[in-house]
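Structure record follows, encoded as structure tokens.
Values quoted throughout were computed directly from the atomic coordinates according to the rules given, and no laboratory measurement underlies them. Predicted model only: the values in this text are computed from it and were never measured. Here the Cβ is made from the backbone with ideal geometry for all residues, glycine too, and neighbour counts use every protein chain on show.
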Amino acid sequence: MAEPSPDLARAWHRALANVRHELSGPAFDLWIGDVRPLGYRNGVVQLAVPNPFVQELMQHRYAMALRSALSQAVGEPLEVEFPVAEAAPERPAVAPPAAATLFGEGEQSRDLDFASAPLNGRFTFDSFVVGPSNRFPHAAAQSVASSPAKDYNPLFLYGGVGLGKTHLMQAIGHRVKELDPSARVVYVSGETFLYHFVTSIRENRSADFRRWYRNVDVWLVDDFQFIASRERTRTEAEFFHTFNALYETDKQIVITSDRPPKDLLVDDRLKSRFEWGLVTDIRQPDTETRLAILQKRAAEDHLRVPKEVLMYVAQVVRESIRVLEGALVKLVATASLMHEEVTLELARECLKDYSTGDRSLDVTTESIRDAVARHYGLEPAALQGKSRRQEVALARQVAMFLCREIVKTSFADIGAQFGRDHSTVMHACTKIGELVAGHDAEVSAAVESIRERIDLYGGG
Ligand code: ADP
Ligand code: MG
């Protein structure tokens, strides 16, 4: 086929410049340099790829992003196709692939050198704060670490971004190595697995690939979802074989993902294998856990932050733990730049982007539960417990009422929070509503004062 017209080459450059940062990762960086714009016909841009593996990768991982970037660059909607070029295409004039950073410092070589990515020294069990949102996965991880391939194999952890999946997974790796320094622990992200696999094919080193991946005692696969795609890819098939080989020889497998097995775009055989072991999720931490994490972090890093400020941060920053830690760092850095103490005042100013202004968006049923418990001098857990003591029952009803009023959650969701059914919640809301409307002095005062607390702090 003819050389790409200069315009197409330019458009491709521009498109790449726009999406590179978004798509960048070992697999993308390695292969994108081999993709070459061939031609443009009837609204379809042909991007030549050197082999079916790169074709697969491009089609299933990057096609959408590349299509929209190219459309933008050209200024009209386009489709993209990835024909396999007969001869290996010459290297196009786009930037060379970034170094495969996972394989050692600044190494530029394209030779495949299998290696486990290093474990982060901070991601240990000691630095992991346990709370209701992660108690179960934490216990499972400890059990796996102390007796691999016994109770839970595979262990499948899932949950949203920044909630501690990688931390917990690496804590397993650290503990296994502590207990048995000769154990072969391999930590690899889904993306790196794909990269290893595709590269091993390209370099004719499938045997090395298999030897390396099958000589593992504890296999930690982080962010598995990267391997999953709607199409049954060869990477997925290879993962399946690797999984089976390790499982059958009693090796421990731990997998994390952003979603549960049933929602992954993989073959049912693989889903069912994931469910052979234990599937458990890490959830958003509640305010108490967020506070404990901040306290631990502040202590580890020798940060002098008053408890009331930590409390404020824990209440305002309700996103992931990664964001929570980021907020603390930002606060401390700001204080130090301005040669100021870390005060509540400074925290309010510094973290104002984290709170939405509309408190009702920030307030959660759990923060209401906490605020009500505090008002009545009870443990938050008591409101979720079975106690029918009059005082506890009243507090619980007030909490349900406020959840309905402020967060506007469904009766069923409120019920789930307090371990009660939908009709109990409805009854509570009606009853407290009537008491407030009838100016029952005690209940009205309580509701009033709890509302104030929530307006001020978002609960807690
Ligand atoms: P994920 O892999 O789920 O996206 P990470 O494991 O990378 O999340 O966690 C994000 C950050 O939050 C890390 O710095 C981690 O140490 C911290 N973190 C997460 N959960 C906890 C916890 N329970 N205790 C202490 N730190 C935590
Ligand atoms: Mg992670």
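Picking from 42, 398, 367, whose Cα lies most toward the positive end of the charge dipole for the chain (charges on Cβ: Lys, Arg +1; Asp, Glu -1)?
Sorting the options by dipole projection puts first 398.
Tabulate in residue order the Karplus-calculated ³J(HN,Hα) for the stretch 215-220, using 6.51 cos²θ - 1.76 cosθ + 1.60 with θ = phi - 60°, rounded to whole Hz; enter x for Gly and Pro.
So the Karplus estimates, Gly and Pro as x, are 9, 9, 8, 10, 9, 10 Hz.
Sticking with the crude label model, points 7 Å out along Cα→Cβ, report the distance from residue 17 to residue 184 in nm, one decimal please.
4.6
Using alpha-carbon pairs under 8 Å, 6+ residues apart, how would you state the relative contact order of the chain in percent?
The normalised contact order for the chain reaches 12 percent.
Return the distance in nm (one decimal) between the two label points of a simple spin-label model at residue 283 and residue 204, each offset 7 Å from Cα along Cα→Cβ.
It works out to 5.5 nm between the two label points.
So how tilted is helix 422-437 from the main axis of the chain? Cα-based, degrees 0 to 90, rounded to 10.
Approximately 50 degrees, to the nearest ten.
Relative to the longest principal Cα axis of the chain, at what angle does helix 321-337 sit, 0 to 90 degrees, rounded to 10?
Once rounded, one gets 80 degrees.
I'd like to compare 48-59, 309-320: which one has the highest average count of other Cβ atoms within 10 Å, and what's the full order after that?
309-320, 48-59
Tell me which of 433, 411, 450 sits at the most positive position along the dipole axis of the stretch 376-460, charges placed on C-beta atoms (Lys, Arg +1; Asp, Glu -1).
The listed residue farthest towards the positive side: 411.
Rounded to whole Hz and in sequence order, give me ³J(HN,Hα) for the stretch 117-129 from the Karplus expression 6.51 cos²θ - 1.76 cosθ + 1.60, θ = phi - 60°, writing x for Gly and Pro.
Result, ordered by residue: 5, x, 7, 6, x, 7, 7, 10, 5, 4, 8, 9, 8 Hz.
Give me the number: length gained by fully extending residue 408 to residue 143, i.e. 0.36 nm times residue separation minus the C-alpha to C-alpha distance, one decimal in nm.
Result: 91.4 nm gained on full extension.
What's the angle, to the nearest 10 degrees (0 to 90), between helix 234-248's Cα axis and the longest principal axis of the chain?
70
Tell me which of 246, 198, 170 sits at the most positive position along the dipole axis of the chain, charges placed on C-beta atoms (Lys, Arg +1; Asp, Glu -1).
246
Quote to one decimal, in nm, the extra length available between residue 353 and residue 65 on full extension: 0.36 nm per residue of separation minus the C-alpha distance between them.
That pair, residue 353 and residue 65, stretches by 100.7 nm at full extension.
Where a Cα-Cα gap under 26 Å defines reach, which lysines qualify for residue 251, not counting those fewer than 8 residues away within the same chain?
Cross-link targets: 150, 165, 177, 262, 271.
Name the long-range amide H neighbours of residue 38: under 5 Å, sequence gap of 5 or more, or other chain; modelled H, no Pro or chain starts.
Here 46, 47, 48 satisfy the definition.
For the stretch 149-248, what does the alpha-carbon gyration tensor say about shape, rounded, prolate or oblate, given a ≥ b ≥ c as the root eigenvalues, a/c under 1.5 as rounded, and a/b over b/c as prolate?
It comes out oblate by the Cα gyration axes.
Grab the beta carbon distance between residue 449 and residue 307, set R0 = 22 Å, and tell me the FRET efficiency rounded to 0.05.
With a Förster radius of 22 Å, E is 0.45.
By the gyration tensor of its Cα atoms, with a ≥ b ≥ c the square roots of the eigenvalues, what is the shape of the stretch 201-332: rounded for a/c under 1.5, prolate for a/b over b/c, or oblate?
Taking the square roots of the gyration eigenvalues as a ≥ b ≥ c, the stretch 201-332 is prolate.
Taking R0 as 30 Å, what's the FRET efficiency between residue 51 and residue 262 from their Cβ-Cβ distance, rounded to 0.05?
0.35
Along the Cα-to-C-beta direction of residue 250, a point sits 7 Å from the Cα; which residues of the stretch 202-219 have their amide N less than 19 Å from that point?
214-219
Using the Karplus equation 6.51 cos²θ - 1.76 cosθ + 1.60 (θ = phi - 60°), what ³J(HN,Hα) coupling, rounded to whole Hz, does each residue of the stretch 289-304 give in order, writing x for Gly and Pro?
Whole-Hz 3J(HN,Hα) from phi for the stretch 289-304: 5, 4, 5, 4, 5, 5, 5, 5, 4, 4, 5, 4, 8, 6, 8, 9.
Residue 250: net charge of surrounding residues, Cβ under 10 Å, Lys/Arg +1, Asp/Glu -1, itself excluded?
0
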